[in-house]
Amino acid sequence: MKTYRHLFFDLDHTLWDFEKNADETLRHLFEHHALGRYGTFTVEEFVGVYSRINHALWRLYQSNRISQQQLREVRFVRTLAKLGVPEAEVPAGISEQFTHILPQKSAVFPFTHEVLDYLRDKYTLHLITNGFQDIQHIKLSSSNLTAYFQEVITSEHSGFLKPDRRMFEHALHRTGANADESLMIGDNLECDVLGAYNAGIDQVYFNPDRRRHFADITYEIGCLSELKAFL
């Protein structure tokens, strides 16, 4: 079995439970802004529509088709428009409130801290994320993850977005790691797995929903605890 020295983790959807934390934040905003007064959609519909629109916008952002600012400006406008709320009635500052509240949430995937405790003495751990730099460190602090990682490489700092191989090459250069001694762990088949593969880095596909695929992956896990089987 190959010997690794550096482990690169994705953050959102891999360690930090974005969906759970976003769900709590959206429910708070629904109540705070009394969106139930419209009587035409439930909080579950609000959360579901936002999730679909946000994912679509993130795909555009990751392919450099929209900017970070555009993503932030339109996600709630489009969500509420889909639910029948006129743009003029979209609560002022709701996107900024979401950005402020969300990273203060602390939910992580099962076994996150236990696995990182296990790995930290055997490997040098880093993060490589497309998430916005201004909130990633807050997420890490809120969920007690900061101390595990030597380097936190964001797309804004590197100038590139996963799956661009240049982001991974930047991460290797910044950490002093070689590709053949590194392993990328992430939930996104394109951004994390294919991006790392194109940079010559072995990959772990974190696939808790057991999505069907046909990609050639170094390792695949459904739970973070499975990392202990080969690391």
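Listed values, structure above:
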quantity: 3J(HN,Hα) from dihedral phi, segment 44-51, Karplus parametrisation 6.51/-1.76/1.60, rounded to Hz, x for glycine, proline; calculated: 5, 5, 4, 5, x, 5, 4, 4
quantity: Overall form of segment 48-108 per C-alpha gyration tensor (a/c, 1.5; a/b vs b/c); calculated: oblate
quantity: Cα gyration tensor category, rounded, prolate or oblate, for segment 97-231 with a/c compared to 1.5; calculated: rounded
quantity: Non-local Lys pairs in the chain, i.e. 8 or more apart or on different chains, that have alpha carbons under 24 Å apart; calculated: 9
quantity: Antiparallel content of DSSP bridges confined to the chain, in %, to 5; calculated: 5
quantity: Protein accessible area in segment 121-173, 1.4 Å probe - carbon and sulfur %; calculated: 45
quantity: For Pro86, net neighbour charge (Lys/Arg +1, Asp/Glu -1) across residues whose Cβ lies under 14 Å away; calculated: +1
quantity: Residue-averaged 222 nm ellipticity for the chain, from DSSP H runs of 4+ at -39500 (n - 2.57), nearest 500; calculated: -12500 deg cm²/dmol
quantity: Under Karplus coefficients 6.51, -1.76 and 1.60, residue-wise ³J(HN,Hα) of segment 211-223 in Hz, glycine/proline x; calculated: 5, 6, 7, 10, 6, 8, 10, 5, 9, 9, 9, x, 9
quantity: Stretch in the chain that is longest and holds no trypsin sites (Lys or Arg not before Pro) that DSSP places in a loop and that have at most 15 other beta carbons within 10 Å; calculated: 123-209
quantity: Modelled FRET efficiency - R0 22 Å, Tyr123 with Ile66, Cβ distances, 0.05 increments; calculated: 0.05
quantity: Contact order normalised by residue count of the chain, Cα under 8 Å, 6+ apart, percent; calculated: 24
quantity: Accessible surface, the chain, averaged per residue in Å² (probe 1.4 Å); calculated: 48
quantity: For segment 144-184: rounded, prolate or oblate by the Cα gyration tensor [a/c cutoff 1.5]; calculated: oblate
quantity: Sulfur and carbon atoms: percent of accessible area, segment 6-49 [1.4 Å]; calculated: 53
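The values are calculated or read from the model by the stated rules, or taken from the named source; none is laboratory data. Since we're looking at a predicted model, the values are computed, not measured. Using ideal geometry, Cβ is built from the backbone for each residue, glycine included, and neighbour counts are taken over all protein chains shown. Side chains included, ligands, DNA and RNA excluded: accessible areas come from the protein's heavy atoms. Shrake-Rupley method; radii C 1.70, N 1.55, O 1.52, S 1.80 Å.
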